[in-house]
């Protein structure tokens with residue numbers, strides 16, 4: 001019977017083992033040389049870190065000042081301080097409240113307030129609380145332009161109001177001022193309340209003075225709806241919010257009647273939004 005074939009184990013010689021070790025060491029040194037020769041990632045200097053921190057603090061202060069300016073506007077409205085209110089605006093600012101139209105320039109802002117609501121000061125029996133909530137302020141990277149979205153709840157002798165502001169600001173000589181104030185009304189009603197007696201939006205010829213330009217957007221108030229464009233995108237997705245472009249209806253008459261068909265085509269949504277840090281479209 002033949003003996004099964006067996007593989008003979010051949011051990012590498014001392015020379016071969018030394019050669020392999022030398023190759024391994026040479027490869028390791030070569031790899032280390034590549035690592036050492038790679039350019040180092042530049043680290044910001046202490047001065048650069050301080051500059052970045054200073055910019056962040058300045059932007060936070062800018063946002064705070066814009067919020068204060070918006071809220072201060074409401075307090076001046078409360079007590080009819082129209083001259084003080086107009087000083088919050090830049091010389092070339094615009095004002096558009098409700099659907100009345102656009103007033104151009106700081107002087108016209110004052111004329112509108114004093115003509116429509118009377119001279120500066122509170123009249124006996126007068127009531128106008130202009131409370132503001134939910135402010136979202138943003139500032140451009142260069143720190144020269146700002147925006148805010150803010151909701152107001154108004155109670156006055158005239159009734160209830162719910163405007164939503166999308167305002168733009170400009171920084172002049174270190175001081176923030178209104179550049180564009182836009183306050184479309186969501187709801188406007190008598191003291192009986194919006195559920196019982198919702199009023200239509202204001203219009204150019206409702207009271208003096210007449211505006212310099214007609215309303216920038218035709219829209220309807222409650223019980224219809226109008227989605228005021230956002231100056232910023234969704235903060236999580238970064239996508240610009242674009243509401244539907246369907247016709248906005250209002251309950252003026254029974255469905256199917258000529259009057260109702262006319263009303264449902266009156267208010268239409270404008271384009272949904274503008275990117276953050278970019279001035280809204282004209």
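The values are calculated or read from the model by the stated rules, or taken from the named source; none is laboratory data. None of the values given here were measured: they were computed from a predicted structure. Virtual Cβ from ideal backbone geometry, glycine too; neighbours counted across all protein chains shown.
Would you call residue 102 buried (at least 17 other Cβ atoms within 10 Å of the Cβ) and either under 19 Å from residue 67 (Cβ atoms) or modelled with pLDDT of 95 or more (or both)? So residue 102 does not fit the description; no.
Of all residues in segment 82-99 being under 19 Å from residue 155 (Cβ atoms) and touching a residue at least 40 places away in the same chain (Cβ under 8 Å), which is surrounded by the fewest Cβ atoms within 10 Å (Cβ to Cβ)? Give the steps one after another, and end with the answer.
So in segment 82-99, the residues under 19 Å from residue 155 (Cβ atoms) come out as 85, 97-98.
Filter again for touching a residue at least 40 places away in the same chain (Cβ under 8 Å), leaving 97-98.
Values: 97: 21, 98: 18.
Only one residue tops the list, namely 98.
Residues in segment 139-159 that are closer than 16 Å to residue 182 by Cβ and in contact with a helix residue (DSSP H, G or I) (Cβ under 7 Å, 6 or more places away or on another chain): 146, 148, 150, 152.
Does any residue of segment 116-133 turn out to be surrounded by fewer than 16 Cβ atoms within 10 Å (Cβ to Cβ) and under 30 Å from residue 57 (Cβ atoms)? Scanning segment 116-133 turns up at least one residue that is surrounded by fewer than 16 Cβ atoms within 10 Å (Cβ to Cβ) and under 30 Å from residue 57 (Cβ atoms). Among residues of segment 193-208 being exposed (fewer than 14 other Cβ atoms within 10 Å of the Cβ) and touching a residue at least 12 places away in the same chain (Cβ under 8 Å), the one that is nearest to residue 155 (Cα to Cα) is 193. A Cβ distance below 8 Å, combined with a sequence gap of six or more or placement on separate chains, defines the contacts here; from segment 111-123, residues that are at positive phi and modelled with pLDDT of 90 or more reach residues that are surrounded by 14 or more Cβ atoms within 10 Å (Cβ to Cβ) and assigned to a loop (DSSP other than H, G, I, E, B) in the pairs 118/80; 121/79; 121/80; 121/81.
On the stretch given as segment 76-94, residues that are more than 25 Å from residue 213 (Cβ to Cβ), part of a helix (DSSP H, G or I) and modelled with pLDDT of 95 or more total 1. The numbered conditions (1) surrounded by 20 or more Cβ atoms within 10 Å (Cβ to Cβ); (2) free of Cβ contacts under 8 Å to residues at least 40 places away in the same chain; (3) touching a helix residue (DSSP H, G or I) at 6+ places or on another chain (Cβ under 7 Å) are all true for residue 221 except (3).
Report, by residue number, each residue of segment 207-226 that is part of a loop (DSSP other than H, G, I, E, B) and modelled with pLDDT of 80 or more.
Of all residues in segment 207-226, those part of a loop (DSSP other than H, G, I, E, B) come to 207-212, 214-226.
Those that are part of a loop (DSSP other than H, G, I, E, B) and modelled with pLDDT of 80 or more: 207, 208, 209, 210, 211, 212, 214, 215, 216.
Does residue 56 satisfy the criteria of being assigned to a helix (DSSP H, G or I), more than 30 Å from residue 200 (Cα to Cα) and at pLDDT below 85? Criteria not met by residue 56.
Answer yes or no as to whether residue 104 is touching a residue at least 40 places away in the same chain (Cβ under 8 Å) and closer than 17 Å to residue 74 by Cβ. Quick ask: steps written out before the conclusion?
Details: touching a residue at least 40 places away in the same chain (Cβ under 8 Å): yes; closer than 17 Å to residue 74 by Cβ: no.
So residue 104 fails the test.
The residue that is modelled with the highest pLDDT, among those in segment 32-53 that are farther than 30 Å from residue 147 by Cβ and surrounded by 10 or more Cβ atoms within 10 Å (Cβ to Cβ), is 33. Restricting to segment 66-75, name every residue that is touching a strand residue (DSSP E or B) at 6+ places or on another chain (Cβ under 9 Å) and within 19 Å of residue 172 (Cβ to Cβ). Hits for segment 66-75 are 66, 67, 68, 69, 70, 73.
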